[in-house]
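Data block below; observations after.
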Amino acid sequence: MIVENVINEIGRSLEGVLAFYNLTKSEVNFEISEPHVKDFGDFSTNICFLLAKKLKKSPFEIADHIVNTILPTNSIFMNKDGLIESVSFLNPGFINFKINNKVFVREFFKEVANNPKFEPENKNFSNSNELILIEHTSVNPNKALHVGHLRNAVIGDCLYRILRTAGKDVRVINYIDDSGVQVADIIVGFKHAGFSTKVDDQEVSKEKIKFDHYCGNEIYVKTNDLYKSRPDLEIKRKMILKELENPESETSLFTQTIVDRVLKDQLKTCWNLRCRYDLLCFESQIVQSNLWTDIFSILRDNEIIYYEKVGKNAGCWVYKSEKEGDKILVRSDLTLTYFAKDIPFAVWKLGFLRNPFDYDIYANQWDTSILYRTNIKKNRYKALEADSDFGNEPMIDFNRISKVVTIIDLRQERLQNLLVEILGKLGMDSKYKYLGYEPVILSQSSLDSLGISGEDKKSLHMSGRKGIYIEADRALSILEERSKVETRKRNPELSEEEIAFISKEISISALRYFFIKFDLEKMITFDINESLSLEGDTASYIQYAYARGKRVEDKNTEASILKKQDKIGNKIEILDFSPTEIELIKHVCRYDIELKQAGKNIDPKVLSKYLFQLATMFNNFYEKSPILKEKNELLANYRALILNSTLEILKLCMNIIGITPLMRM
RNA sequence: GGGUUCAUAGUUCAGCAUGGAUAGAAUGACUGCUUGCGGAGCAGCCGGUCGAGGGUUCAAAUCCCUCUGGACCCGCCA
């Protein structure tokens, strides 16, 4: 869009300046940014500071020379009808560029008339030779999701939407550890501690209860308590873990049914929050696939891992890291450590090993897409058949993988570093990226409301095992109730169904926005009251801006008439647009720049900041620039066009973050 | 003990990657704004030794070092 064009234009002319000094961009990597103070101009550059060292002159002197001697020879700045109105320089040595607002506004309306929906130019990403895999959520299937898991899921899902919108081909994986200790714990509960599996919504209590909540709150927590008084249960757990190695064993079959029930309930929560996935990868399948034996021999033969004969790790296979020290992969009893299990999966995602999986349909999702699950290939013919379920191309074309992103709690950073080291020795580290985020902790007042004592600490990390958490479903329903009260108050004429629908969308949006607006490296303290606010820097603020704007648009049809008559540009010169309006237009035009930035930095926060700012500027415009009440018809029509385009961009960004654009609220 | 990371307004946080002009939001407190497109809003006001100290630089919230305080990681647990 226009702003990006202007920046590129300025960039080219500055490269011309460098040419004057016989320098190039690679030698002087100048930046074009926006000054904090609007009066200085729309853009500024630091080129003089960089040149100062090379030319041994003061930045101010250089700025003077560039602005008064070099730039005037450049036609871009001589043209009175060009987008750049003036170039100036200021104290330490900044060169500031000012946009010609009249020209800019005219160009903007021309562009809006051509592409009012801001549709991207090409959308056929399936032909792209790049494929990005994102793994997120990956919660153990023995409990319900809590608000900490939500941070993971929402970051991952927003990243998916950002990359997808930017035209990338992306697949989302959810990794299911269905054969680890955490699952074994609840199997112990069912088989040896007397917990019933028959909780079909009513049996445990009179209220409906989801199976994942039942497993997490009742069985997981209570079974873990029991270990203290009943050591026999720990022995049972060991036996169960052993039995799980055989996929045909009775225990395995039973576990599969339990995992399936929990997983379906977990997915309900995720889908409820508008997350979606392409593929579920089961740990048990990876174990059966023998991917481990393949990668193990490669690691052994390349002397990346060693067998320890003496010392404290005698009898183990060990990776020796220069930075992190020794890390055991295979214990002396030949079982694999948690860390080792991650390697075959990572290597499979990168397409380094053969693909042993078929893809079977697991479920239909809220967005009508199909969720697949891995299944060990029974034979070749079956494999071909399964691939054809996903159109003509395989579900994941491992030849095209350009990046694998894993969204993961920063507490696992050390292990991820080790993994990257090992991948590096196999020559694959450049494609592997882990995106770490700090965990979510519970505030004092949240702990109080849960009846948990934080002892002398003000906040606590969540723990599924200890029962210290707020379930995602619970946070959502609290928010939903609050939104209902507000919505009902404001819209007494709406039916309960309509109010329920609106409140649900408000609560989902609020929760999603809350989890991406913070820096990934910042711990989030979840407070049951303050975190679930609907005012200020929240999704509701953005939705409210959209709803009231939409309301005006509905009542005003002039804009579309104007577009049809194609009068754009005709009388525009006689109109005076206010600074508020011009600022808004300029911000609207930054959409593609911000989207690129978010994708490049792999950071959804970039977009949420942009969106909030856009909503703020729009609310400003809404207050100051009436449309329906404006007597100057031409001006009203042009304002309506600004309204249209702002709403379009708002909607695009809201969809990327997963905030529902509402007509009423 | 070794390592990673964080510290900015009463509170919650942007800004730091790539040093640059007067450090920004939100919230809270206070004051206004509704015959005017929806007040989940708008405008105003209050609020800062950017944890402390040193260094590099023409220039440091931003880079380097030390210190203080918090969080996390460092297992033949996951």
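The values are calculated or read from the model by the stated rules, or taken from the named source; none is laboratory data. Everything quoted here is computed from the prediction, not taken from an experiment. No Cβ is skipped: glycine too gets one built from the backbone with ideal geometry, and neighbour counts run over all protein chains shown. Protein only, heavy atoms only, side chains kept; ligands, DNA and RNA dropped before computing areas. Shrake-Rupley method; radii C 1.70, N 1.55, O 1.52, S 1.80 Å.
In the stretch A:79-93, which residues are part of a loop (DSSP other than H, G, I, E, B), away from RNA strand B (no atom under 15 Å from the Cβ) and within 40 Å of the chain's Cα centre (by Cα)?
Answer for the stretch A:79-93, where residues must be part of a loop (DSSP other than H, G, I, E, B), away from RNA strand B (no atom under 15 Å from the Cβ) and within 40 Å of the chain's Cα centre (by Cα): A:G82, A:L83.
Just to check your reading of the model, which residue among A:K198, A:K168, A:K238 is open to solvent by 30 Å² or more (accessible area, probe 1.4 Å), at pLDDT below 95 and touching a strand residue (DSSP E or B) at 6+ places or on another chain (Cβ under 6 Å)?
That would be A:K168, the only listed residue that is open to solvent by 30 Å² or more (accessible area, probe 1.4 Å), at pLDDT below 95 and touching a strand residue (DSSP E or B) at 6+ places or on another chain (Cβ under 6 Å).
Being farther than 30 Å from A:N637 by Cβ, part of a strand (DSSP E or B) and modelled with pLDDT of 90 or more is the requirement here; does A:V17 meet it? Quick ask: steps written out before the conclusion?
Working: farther than 30 Å from A:N637 by Cβ: yes; part of a strand (DSSP E or B): no; modelled with pLDDT of 90 or more: yes.
It is false that A:V17 is farther than 30 Å from A:N637 by Cβ, part of a strand (DSSP E or B) and modelled with pLDDT of 90 or more.
Does A:E521 meet the test of being open to solvent by 30 Å² or more (accessible area, probe 1.4 Å), more than 10 Å from RNA strand B (Cβ to nearest atom), in a loop (DSSP other than H, G, I, E, B) and over 30 Å from A:F109 (Cα atoms)?
No.
State whether the residues of the stretch A:603-615 include one that is outside the structural domain of A:D42 (by TED's automatic domain parsing), more than 21 Å from A:L520 (Cβ to Cβ), crowded, with 16+ Cβ neighbours inside 10 Å and of a type in the set (K, R).
Within the stretch A:603-615 (the criterion being outside the structural domain of A:D42 (by TED's automatic domain parsing), more than 21 Å from A:L520 (Cβ to Cβ), crowded, with 16+ Cβ neighbours inside 10 Å and of a type in the set (K, R)), the answer is no, since none of the residues qualifies.
Matching residues to (1) outside the structural domain of A:A598 (by TED's automatic domain parsing); (2) open to solvent by 40 Å² or more (accessible area, probe 1.4 Å); (3) of a type outside the set (G, A, S):
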| site | (1), (2), (3) |
| --- | --- |
| A:R465 | yes, yes, yes |
| A:S477 | yes, yes, no |
| A:E486 | yes, yes, yes |
| A:N491 | yes, no, yes |
| A:I502 | yes, no, yes |
| A:R512 | yes, no, yes |
| A:T525 | yes, yes, yes |
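For the list (1) open to solvent by 10 Å² or more (accessible area, probe 1.4 Å); (2) under 20 Å from A:Y432 (Cβ atoms); (3) modelled with pLDDT under 95, I need the number of the one condition that A:F357 fails.
Condition not satisfied by A:F357: (1).
Sort out which residues of the stretch A:531-552 are farther than 13 Å from A:T616 by Cβ, of a type outside the set (G, A, S) and crowded, with 16+ Cβ neighbours inside 10 Å, and write them in order of number.
Once the filter is applied, which keeps residues that are farther than 13 Å from A:T616 by Cβ, of a type outside the set (G, A, S) and crowded, with 16+ Cβ neighbours inside 10 Å, the stretch A:531-552 yields A:L532, A:L534, A:Q543, A:K550, A:V552.
Being farther than 30 Å from A:R161 by Cα, open to solvent by less than 40 Å² (accessible area, probe 1.4 Å) and touching a Leu at 6+ places or on another chain (Cβ under 7 Å) narrows it down to one residue among A:Y214, A:Y227; which is it? Walk me through how you get there before you give the answer.
Details: A:Y214 fails: touching a Leu at 6+ places or on another chain (Cβ under 7 Å).
It is A:Y227.
Test of understanding: among A:N96, A:N5, which residue is near RNA strand B (Cβ under 8 Å from one of its atoms) and either assigned to a helix (DSSP H, G or I) or crowded, with 16+ Cβ neighbours inside 10 Å (or both)? Spell out how you get there, then give the answer.
On the way: A:N5 fails: near RNA strand B (Cβ under 8 Å from one of its atoms).
Only one candidate qualifies: A:N96.
Mind telling me which of the residues A:I585, A:I642, A:I627 ends up being assigned to a loop (DSSP other than H, G, I, E, B) and over 29 Å from A:H136 (Cα atoms)? Spell out how you get there, then give the answer.
Details: A:I585 fails: assigned to a loop (DSSP other than H, G, I, E, B); A:I642 fails: assigned to a loop (DSSP other than H, G, I, E, B).
Just a single option satisfies the conditions, and that option is A:I627.
Across the stretch A:29-51, what is the number of residues that are more than 6 Å from RNA strand B (Cβ to nearest atom) and of a type in the set (F, W, Y)?
Total meeting the criteria: 2.
Mind listing whichever residues of the stretch A:444-476 are under 16 Å from A:R151 (Cβ atoms) and part of a loop (DSSP other than H, G, I, E, B)?
A:S459, A:M462, A:G464, A:Y469, A:I470
Quick one: which strands (runs of 3 or more DSSP E) lie wholly within the stretch A:270-354 and hold at least 1 residues that are within 15 Å of RNA strand B (Cβ to nearest atom) and open to solvent by 50 Å² or more (accessible area, probe 1.4 Å)?
Values: elements: A:279-282, A:305-307, A:317-321, A:325-330.
Of the strands (runs of 3 or more DSSP E) lying wholly inside the stretch A:270-354, those with at least 1 residues that are within 15 Å of RNA strand B (Cβ to nearest atom) and open to solvent by 50 Å² or more (accessible area, probe 1.4 Å) span A:305-307, A:317-321, A:325-330.
Here's a check for you: in the stretch A:52-62, which residue that is part of a helix (DSSP H, G or I) and near RNA strand B (Cβ under 10 Å from one of its atoms) is surrounded by the fewest Cβ atoms within 10 Å (Cβ to Cβ)?
Applying the filter and picking the extreme gives A:K53.
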